[in-house]
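Note sheet for the following structure.
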Amino acid sequence: MGQAREAMDRLTEAMTTTRSAGAIAECFAPDAVASTPDGEFRGRDAIADYMAGFAVAVPDSEFDHEHRYEAGDTAVDEGWLHGTNTGPLTMPDGTTLAPTGRPIRIHGCDIATAEDGRIVDYRLYFDQLAFLEQLGLAPAAG
């Protein structure tokens, strides 16, 4: 196992077990960049704040791997994040939505490039429409 896989596994652990901004921040280099459906975040603290906000919104979240890859300095995880929205959800503009109490199960993919054991470039893709539908914040298809 290489440094990219180790860094990605630490991040998954921080998001689903530790759930603290500090533990999440330790996975990233100080000048890391993260591209997400909610925008681009620069610097470990901004990235950790964004990711910890989700851990607060879905504090029982778990990630079921569908595929796990590592090639050189990059690791890729594809799978399903599931849990229940029992905490406030912070929106990209900084406002918060009250918990819905609804379960979620969303498909996503994380790509992390690591240097010196920390993530320097992170990309997150997930089905935003399914997420909003499951929370009751968007009309369900059909």
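Listing for the model above:
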{"read-out": "Restricting segment 12-35 to residues that are closer than 18 Å to H82 by Cα and in contact with a strand residue (DSSP E or B) (Cβ under 7 Å, 6 or more places away or on another chain), the residue that is modelled with the lowest pLDDT", "value": "T16"}
{"read-out": "Residue list for segment 4-18, filter: over 12 Å from D110 (Cα atoms) and touching a helix residue (DSSP H, G or I) at 6+ places or on another chain (Cβ under 9 Å)", "value": "R10, E13, A14, M15, T16, T17, T18"}
{"read-out": "Test: residue in segment 51-62 that is under 15 Å from Y125 (Cα atoms), at pLDDT below 95 and either out of contact with any Asp or Glu (no Cβ under 7 Å at 6 or more places or on another chain) or not in a helix (DSSP H, G or I) (or both)", "value": "yes"}
{"read-out": "Odd one out for A4, checked against (1) touching a Ser or Thr at 6+ places or on another chain (Cβ under 6 Å); (2) within 25 Å of L129 (Cβ to Cβ)", "value": "(2)"}
{"read-out": "Enumeration of residues in segment 74-94 that are assigned to a loop (DSSP other than H, G, I, E, B) and surrounded by fewer than 17 Cβ atoms within 10 Å (Cβ to Cβ)", "value": "T86, P88, M91, P92, D93, G94"}
{"read-out": "Top-ranked residue of segment 18-45 - restricted to ones that are touching a residue at least 60 places away in the same chain (Cβ under 8 Å) and among the β-branched types (V, I, T), ranked as nearest to A112 (Cα to Cα)", "value": "V33"}
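The values are calculated or read from the model by the stated rules, or taken from the named source; none is laboratory data. Model, not experiment: these values are computed from the prediction. For neighbour counting, all protein chains shown are included, and Cβ atoms are generated from backbone atoms with ideal geometry for every residue, glycine included.
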